[in-house]
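The values are calculated or read from the model by the stated rules, or taken from the named source; none is laboratory data. On a predicted model such as this, the values are computed, not experimentally measured, just so you know. Here the Cβ positions follow ideal geometry from the backbone for every residue, glycine too, while neighbour counts run over all protein chains shown. Accessible surface is based on the protein model in full, side chains and every heavy atom, while ligands, DNA and RNA are left aside. Shrake-Rupley method; radii C 1.70, N 1.55, O 1.52, S 1.80 Å.
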Amino acid sequence: MWWRSASFILDQRHLQEDPPNDIASSSSKQPPDTLSSLSPPQTQNSTFMATAADPFNPIPNPKISAYYQTRAAHTAVVTSDWLAQAQAAVGHHPDDAQAAQTHQPLLAASPSSGKSFCVINEFNNWRKQPDLAEAVAAIRALAAVIRASEATTMMELEIELKKASDSLKSWDTTSISLTAGCDLFMRYVTRTSALEYEDFNSARSRLIERAEKFGEISCKARRIIAMLSQDFIFDGCTILVHGFSRVVLEVLKTAAQNKKLFRVFCTEGRPDRTGLRLSNELAKLDVPVKLLIDSAVAYTMDEVDMVFVGADGVVESGGIINMMGTYQIALVAHSMNKPVYVAAESYKFARLYPLDQKDMAPALRPIDFGVPIPSKVEVERSARDYTPPQYLTLLFTDLGVLTPSVVSDELIQLYL
């Protein structure tokens, strides 16, 4: 389990080496983060007790967490330079102030309004923000459930939170990231039995703090991934992307802002043509982009240096579930020795283990061919496929740069 891991032991040693007063004083000198300022203020004693009792809360010292320090030896992929970039990414960012101004009214409206609270309505309010992922919207909605709750015991609060999570997951049973995000939120917020020995108000405050922290981490995941992937994008390279992925767009946007010279091949992404949307966004950034029909992937693969794709979900085997067509692109790239990189947030790590393409809940979509289709003709309407791990090179996540074989270890640490 996570709290028994070597990284936790190392973090606890760092904590024991620093006196509580030093910890409290150092934390008070840190600049306030915009998103974390939404959480209730902590006293000196509560800050120290929460840190000592909760291995997931960040330790307020400038050292990198032992969890990340041990990853280099574990995967032989992550370096200190990438981790330094990741730490810089999660610091103050120009978008943070704008995000806080956008988020604050929604957070305050739910518990203070006289109307009965509805988690689906709160979820839909968060979904109106175009740059917010569906799973992050669910995490924010569940955090609002805790703030708006009128429960008087921890058992009542956890039952209420569980019902809200089930309601969100039933809203779209085919969404892997939505289900995984809700499950991870429940594990993160209610993971320790120490809450049973606290008075209810203190335990509720602890839950709110964890909920806000988890939401903050999820919002910054995309930026961390973009920073970690920059060393793999070199001047003069050609990148093939498939469909529209917010995190892949953030990776390419960051590379363009770093004055890197590259060009992008975008597949059309039939039938919803999400590749058109991504090509339009890249054109606004003055990135050279070329639009391909989906069947031209093998034809142009010899011009490609790397493939970048997002993921609807990352499964226990290290494979991914993504937009239809990802599997065949990975097959072509693998046969021509082209690396396939996946950019995915950790809240998309799902406890699934598909054995073949049909071993998944169907996610169907309407398909318009532009001409009438006879009723006797069967049309394949599945929206996604499964790409096995042997066709993937690396996964860029907010937990670090992982090989597919390490994903199962990460899932164990996330869910246990």
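For the stretch 361-377, give me the residue count where each residue is open to solvent by less than 40 Å² (accessible area, probe 1.4 Å) and of a type outside the set (D, E, K, R).
1
Six or more apart or on different chains, Cβ atoms under 7 Å: show the pairs whose first residue is in the stretch 157-175 and touching a residue at least 12 places away in the same chain (Cβ under 8 Å) and whose second is assigned to a helix (DSSP H, G or I) and exposed (fewer than 15 other Cβ atoms within 10 Å of the Cβ).
Within 7 Å, the pairs are S167/I120; W171/I120.
Residues of the stretch 229-248 being open to solvent by 10 Å² or more (accessible area, probe 1.4 Å) and either part of a loop (DSSP other than H, G, I, E, B) or small (G, A, S) (or both), which ones?
Answer for the stretch 229-248, where residues must be open to solvent by 10 Å² or more (accessible area, probe 1.4 Å) and either part of a loop (DSSP other than H, G, I, E, B) or small (G, A, S) (or both): F234, D235, G236, H242, F244, S245.
In the stretch 264-300, what count of residues is obtained for those that are part of a helix (DSSP H, G or I), among the hydroxyl-bearing types (S, T, Y) and open to solvent by less than 10 Å² (accessible area, probe 1.4 Å)?
1
Kindly provide the set of residues from the stretch 378-401 that are modelled with pLDDT of 85 or more and open to solvent by 80 Å² or more (accessible area, probe 1.4 Å), ordered by number.
E378, Q390
Within the stretch 249-263, is there a residue that is touching a residue at least 40 places away in the same chain (Cβ under 8 Å) and in a loop (DSSP other than H, G, I, E, B)?
No: the stretch 249-263 contains no residue that is touching a residue at least 40 places away in the same chain (Cβ under 8 Å) and in a loop (DSSP other than H, G, I, E, B).
With the structure loaded, tell me whether L157 is of a type in the set (A, V, I, L, M, F, W, C) and open to solvent by less than 10 Å² (accessible area, probe 1.4 Å) or whether it fails that test.
The answer is yes for L157.
For the stretch 131-228, list the helices (runs of 4 or more DSSP H) that sit wholly inside it and hold at least 2 residues that are under 12 Å from the mean Cα position of the chain (by Cα); which are they?
Details: elements: 134-148, 154-171, 176-189, 200-228.
Per the criteria, 134-148, 176-189, 200-228.
G318 versus (1) part of a helix (DSSP H, G or I); (2) closer than 30 Å to K220 by Cβ: which is the lone unmet condition?
(1)
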